[in-house]
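The values are calculated or read from the model by the stated rules, or taken from the named source; none is laboratory data. Keep in mind that what you see is a predicted model, and the values were worked out from it rather than measured. For neighbour counting, all protein chains shown are included, and Cβ atoms are generated from backbone atoms with ideal geometry for every residue, glycine included. For the accessible areas, the whole protein counts, side chains as well, though only heavy atoms, and no ligand, DNA or RNA atoms are used. Shrake-Rupley method; radii C 1.70, N 1.55, O 1.52, S 1.80 Å.
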Amino acid sequence: MPNTEGSRWLLLPALAIAFAVSGCGLSGADGQEALAEATIAHRSDDIPEGTSLVVAEQNASRSLPLQLSGATEELPYSLDFADFSGGPAVIEALRSGAADIGAVGEAPIPLAVASGVTDIVAIGLEANPGSSGGYFLAAQPGSGIETVADLKDKKVAYPPGTGRHMIVAGLLAQAGLDPKTDIEAVELAGAEVAPTFASGAVDAAILTGVQYYKVGAPPIIGDGTGINTGINTLIVRRETLGDPAKAAAIGDFVGRSVAANNWITAHPDEWVDAYYVGTQGMTPEDGKSLHDHIGSGKYYPIDEKSTALFQTVADGQLETGTMSTAVEIRSYVDGRYNDIVDAQNNADGSEPQPLP
């Protein structure tokens, strides 16, 4: 179903508390237990009793690593997670006050700013440059579509306002096609893309790695390599940072998120078994193949280099017509927690690769 630029930022009624965290650690409906205990480099002592945080995430992407790594042991605040479908819904959860922190990929922030949303700022930045991100532009088997250029006048499904939208636009532009006029765009919610493709209603679709395997591994004509930066962000409302208790708790959460992320890199087999197999329902073989293909991102301090990489995302969206307004990304990032990121990476012996 087509979406307008304005409607894609309406709050979606997808709020569902997935996990609750106590001082004893994360507990969830899936019954997973911590597999290892993370060492937390930074522990804030200025968080008042009774402070709480709600984190808007997608597909347990933040809560599960925290849970498995044991990074939420001895929390000095209460922590809840709410699961949403897509970055735009996460951003609206923050803006409505339904969440304090959000986890989104590389595309939603520039798109939101271009749409007039200016009260969101990134306070944590993970990147995985050189990875495809596990985003695959797939064609229907037997369709005769062998290259991206073959998509002219074809139906292509993607979720608007997302990283997948950005990748589709980038691939089309590289093939000399105008995303607005040379294809029949079929804009769908992220979870609807794979079923629509599987039904044969579209000629091609941009799929996540999990979706790709679940629809039978159809022919791939392009992926996110060279377009995707692997950026994932932790975002908050600007006004939330003005609350000393919330700001201190958010800094603590950033450090624990870095620890959990580093745990994934150090425990790939456990992560594949828990996430790709246990949560996403993939076979162990497919899960390992996808994880090996994607690799693991690292948290970086928000500095000139990481901000410049993030700026390439906004510039690319403008160049490919995904958005029509230029965005200066440095106005929407905040590096106040950089020391926490560096301290946790040092504690874990994790050294992020140099950014391009």
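Scanning segment 71-95 for residues that are among the hydroxyl-bearing types (Ser, Thr, Tyr) and closer than 16 Å to residue 232 by Cα yields a single hit, 85. Listed by first and then second residue, the pairs with beta-carbon distance under 7 Å, at least 6 apart or on different chains, first residue in segment 210-222 and in contact (Cβ under 8 Å) with a residue 40 or more places away in the chain, second part of a helix (DSSP H, G or I) and open to solvent by 60 Å² or more (accessible area, probe 1.4 Å), are 215/198. Against the list (1) open to solvent by 30 Å² or more (accessible area, probe 1.4 Å); (2) out of contact with any Ser or Thr (no Cβ under 8 Å at 6 or more places or on another chain); (3) part of a helix (DSSP H, G or I); (4) modelled with pLDDT of 95 or more, the condition residue 336 fails is (3). So, in segment 130-161, of the ones that are open to solvent by 20 Å² or more (accessible area, probe 1.4 Å) and within 14 Å of the chain's Cα centre (by Cα), which residue ends up modelled with the highest pLDDT? Residue satisfying both the conditions and the ranking: 135.
Among the residues making up segment 56-76, those that are touching an Asp or Glu at 6+ places or on another chain (Cβ under 9 Å) and either open to solvent by less than 30 Å² (accessible area, probe 1.4 Å) or free of Cβ contacts under 8 Å to residues at least 24 places away in the same chain (or both) are 56, 57, 60, 63, 64, 67, 68, 69, 70, 71, 75.
Taking the criterion of being modelled with pLDDT under 95 and either in contact with a Leu (Cβ under 9 Å, 6 or more places away or on another chain) or more than 25 Å from residue 287 (Cβ to Cβ) (or both), would at least one residue in segment 193-209 satisfy it? Within segment 193-209, one or more residues are modelled with pLDDT under 95 and either in contact with a Leu (Cβ under 9 Å, 6 or more places away or on another chain) or more than 25 Å from residue 287 (Cβ to Cβ) (or both).
Selection of strands (runs of 3 or more DSSP E) fully inside segment 63-162 by the criterion of at least 3 residues being under 28 Å from residue 175 (Cβ atoms) and of a type outside the set (S, T, N, Q) returns 135-139, 155-158. Hey, among 171, 188, 207, which residue is touching a residue at least 60 places away in the same chain (Cβ under 8 Å) and crowded, with 24+ Cβ neighbours inside 10 Å? Just one listed residue meets the conditions, 207.
Take residue 177 and tell me if it is assigned to a strand (DSSP E or B) and buried (at least 17 other Cβ atoms within 10 Å of the Cβ). No. Here is the figure for segment 110-126: residues that are surrounded by 24 or more Cβ atoms within 10 Å (Cβ to Cβ), touching a helix residue (DSSP H, G or I) at 6+ places or on another chain (Cβ under 6 Å) and among the aliphatic types (A, V, I, L, M) total 2.
When we screen 276, 212, 300 for residues that are among the hydroxyl-bearing types (Ser, Thr, Tyr) and modelled with pLDDT under 95, the only hit is 276.
For the criterion of being among the β-branched types (Val, Ile, Thr) and under 26 Å from residue 353 (Cβ atoms), residue 121 passes.
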